[in-house]
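The values are calculated or read from the model by the stated rules, or taken from the named source; none is laboratory data. Note that the structure is a prediction, hence the values are computed from the model and not measured. The protein model used for the area step is the full one, side chains on, heavy atoms only, and it has no ligands, DNA or RNA in it. Shrake-Rupley method; radii C 1.70, N 1.55, O 1.52, S 1.80 Å.
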Amino acid sequence: MGIKFKSSLSPPTHLTIFLLALFLVAAAAANAAVQRFKEAPKFYNSPNCLTNVTCSDQSVHVAMTLDAAYLRGSMAAILSVLQHSSCPEDIQFHFVTSSSADTDSLRSALSGSFPYLKFQIYPFSDDSVVAGLISTSIRSALDCPLNYARNYLAELLPTSVGRVVYLDSDLVLVDDIAKLAATPLGDDTVLAAPEYCNANFTSYFTPTFWSNPSLSMTFANREACYFNTGVMVMDLERWRVGGYTAKIIEWMELQKRMRIYELGSLPPFLLVFAGNIAPVDHRWNQHGLGGDNFSGLCRDLHPGPVSLLHWSGKGKPWARLDANRPCPLDALWAPYDLLQTPFVLES
């Protein structure tokens, strides 16, 4: 359900969307300024790990966005990655922030909780340009330019990074991320993610899209299925060679001229990649734990084993815990929460 406007009003311009995003970032930053996080334990490599790994094939590269609004979730995600890794010292994190973010504060928070973490921060300098390509979606949080940074990882990260695991900030791992990073991509596949072919794929696009043969033929000869872009294994070398950022942008530009989808940054990924990705076991993205995009109601786990829990949707575990209205599965996120409570701060 998009935002509806009276006939006497005009839809918001890209400048309005960008200014709204800046306001939300500033408000979140003000809230984050009072947040303090505990220092996490240091985690060491097991004996069979290589040491002093930098950009070799043995290093696991993890990319995430980082902002004040989701900092608490990011901290929990990082802790879960390190805690369950057999070679935590071989993990390198790559954090993308908005151009207006207080990177010094974010860096300080990371270093305070994880003094030995190997990480780099990359300002997303194109966020104002991206704002001009964003169409309003069913949830305002999905319209933040930083939500589209995953489209630009191949340009933001060093060329020495060939393969990266992209993770959202509202998840925790309960398994070794090296297993996910080692997902086979075949000879020419660009990314891997769990696919959900039972989902109603047609619902992600508008009747305008499906009624136009030149558009709907995009999925001809492709067994296109829904996949969640919050957990992906990406080959950035192949991405760069194939020019996939430009292909995604083309669909976003078309969306500005004629509305062909509703749900934020996901549909352009589906248009470019659905049906052409490497499979990943569903255990690596038990998604939807945040409920839907409207009410964020509690949900159960999907059947089967679990390696990663993902609170995609409106409801976030830290918000529900703070409001004393947690869902049962939020108790699985709580042990990774590094936020200092007021009682601990006072003592």
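Structure notes:
- Compactness relative to 2.2 N^0.38 Å, alpha carbon Rg of the range 154-199: 1.37
- For the set 70, 226, solvent exposure ranked by accessible area (probe 1.4 Å, protein chains only) runs largest to smallest as 70, 226.
- When all protein chains stay in place and ligands, DNA and RNA are ignored, the 1.4 Å accessible-area order of 72, 222, 257, largest first, is 257, 222, 72.
- For the range 223-328, the extents of the C-alpha atoms along the principal axes are 47, 33, 24 Å, listed from largest to smallest.
- Distance violations [Cα-Cα > 26 Å] among 118/179; 247/314; 42/314; 38/316: 247/314; 42/314
- When the surface is traced with a 1.4 Å probe over the full set of protein chains, residue 129 keeps roughly 90 Å² accessible.
- Accessible heavy-atom area order of 311, 318, highest first, probe of 1.4 Å: 318, 311
- Radius, Kirkwood style, for the range 81-215 when every pair of distinct Cα atoms is counted (Å): 18.0
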